[in-house]
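Q: Structure incoming, see below.
All of the numbers you see were taken from the coordinates with simple rules; none came from a lab. Quick caveat, the model's predicted, so the values are computed rather than measured. Neighbour counts are summed over all protein chains in view; Cβ atoms, including those assigned to glycine, are modelled from backbone coordinates with ideal geometry.
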Amino acid sequence: MFDIVGKRKWYFILSGVLISLGIIAMIISLTQVGTIFRLSIDFTGGTLWELRFPQPVTPAEVRQVFVDQGYSDTTVQTTTDGYTALIRCKPLEPEVKTQIAQALFAKFGQAEELRYELVGPTIGAIVTRTAFIATVAAAIVILVFIILAFRRVPNAFRYGVCAIAAMVHDVLVASGFFALMGLIAGWEVDALFLTAILTVIGFSVQDTIVVFDRIRENIPKRRGEPFEVVVNRSLLETLHRSLATQLNAIFVLIAILLFGGQTMKQFASVLLVGMVSGTYSSIFNAVPLLVSWEQGDFGRLFRRLTGRRATA
């Protein structure tokens, strides 16, 4: 039988490296722009510009003009007939607006300006704080649910804590990835980022609970086996199901990345990284973390560290 949990030290090291890289990217972003992520106009506000062109246009074509001028966070919506474009971008200086208008007119013909105004942020501190509170509340509910569902298993509280730890791992990996891409490619946080993170949280716990449930079933069946062996057996028994479930969603996200619109690529990328991280953490973090806790690895590590400090 292949021993997965026996190599748990290396899984923890890999997760630590990935999370550390993300935190470093957040710190660098904080020093450069004042926030751990680059913020889009959804958070900072910007310009709303509505133009009616003499010919049908597509959002991608109009957006490309703004991208060429350095406004990569621009979003464009068109009406059903394709003649009217609603453009949302960062505040434009008068000379920049004139320059972009000339580029648009040269490409699509003279357009009629229907509206041009400054708008406030659609997502403020209150919405962000509410999303954070909802995440904490969800973690508490998950913890209570697992404790109740696994109440007949010794140390049921540990199962809940390990599931929450895997969820936090996935959020940190996905957030760190976005912060890193913000430094490399100029990605900016928008409303879809919050949606992606909340979706990752939802997907993160399900695989972990499936494995934990198999452990709960196998403990009374295999009383003579060590806990680590029972857990490893349970993990192998559910491995194919976990991979099959997550791979279906991952293939869909890859298709969106390859063939979807430009505005969906950041959303799909965060979801993809989060789901890959969720599959990894369920198998290689949550379950090995439970084994380490049951085996007393953390206590030995703590005593070793405190012993070294006392000797020094």
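Q: Would you please give the FRET efficiency between residue 183 and residue 151, computed as 1/(1 + (r/R0)^6) with r the Cβ-Cβ distance and R0 = 41 Å, to the nearest 0.05?
A: Working from the Cβ atoms, E equals 0.35.
Q: With the contact rule set at Cα under 8 Å and sequence spacing of 6 or more, what percent relative contact order holds for the chain?
A: Answer for the chain is 23 percent.
Q: Give me the one-decimal nm value for the distance between modelled label points at residue 137 and residue 295, 7 Å along each residue's Cα-to-Cβ direction.
A: That separation, rounded to one decimal, is 3.9 nm.
Q: Given charges of +1 on the Cβ of Lys and Arg and -1 on the Cβ of Asp and Glu, with all other atoms neutral, how large is the dipole of the range 46-119 about its Cα centre, in debye to the nearest 20?
A: 80 debye
Q: Apply the Karplus curve 6.51 cos²θ - 1.76 cosθ + 1.60, θ = phi - 60°, to the phi angles in the range 72-89 and return the couplings in whole Hz, x for Gly and Pro.
A: My calculation for the range 72-89 gives 6, 8, 5, 10, 10, 10, 10, 6, 4, 6, x, 8, 9, 10, 9, 10, 10, 8 Hz in order.
Q: For a quick protection proxy, order the peptides 224-237, 197-210 by their average other-Cβ count within 10 Å, most packed first.
A: My ranking of the peptides, most packed first, is 197-210, 224-237.
Q: Long-range amide H contacts for residue 78: which residues qualify at under 5 Å (H placed 1.01 Å from N, peptide plane, sequence gap of 5 or more or a different chain)?
A: Hits under the 5 Å cutoff: 86.
Q: Once the Cα atoms of helix 94-108 and of the chain are each reduced to a long axis, what angle between those two axes, in degrees from 0 to 90 to the nearest 10, is obtained?
A: It works out to around 80 degrees.
Q: In whole Hz, with x marking every Gly and Pro, tabulate ³J(HN,Hα) for the range 190-203 from phi via Karplus 6.51 cos²θ - 1.76 cosθ + 1.60, θ = phi - 60°.
A: Result, ordered by residue: 9, 5, 5, 5, 4, 4, 5, 5, 5, 5, 4, 4, x, 6 Hz.
Q: Just order 167-175, 111-119, 242-250 by mean Cβ neighbour count inside 10 Å, highest at the front, would you?
A: Taking the mean over residues of other Cβ atoms within 10 Å, the ranking is 167-175, 242-250, 111-119.
Q: Now for a different question. Quick query: amide H of residue 90 versus all other amide H atoms, modeled in the peptide plane; which residues come in under 5 Å with a sequence gap of 5 or more or a different chain?
A: The answer is 47.
Q: Enter the angle in degrees (range 0 to 90, nearest 10) between the Cα long axis of helix 297-311 and the first principal axis of the Cα atoms of the chain, meaning the one along which they spread out most.
A: It works out to around 90 degrees.
Q: Along the range 5-10, what does the Karplus equation 6.51 cos²θ - 1.76 cosθ + 1.60 (θ = phi - 60°) give for ³J(HN,Hα), rounded to whole Hz, x for Gly and Pro?
A: Rounded to whole hertz, the list is 5, x, 9, 4, 4, 6.
Q: A follow-up question, please. Near the amide H of residue 39, under 5 Å away, which other amide H atoms are found, from residues 5 or more places off or on another chain, if H is placed in the peptide plane?
A: Those lying under 5 Å, H to H, from residue 39 are 189.
Q: So, one more: Compute the distance from the alpha-carbon center of the range 195-256 to that of the range 101-160, in whole Å.
A: 25 Å
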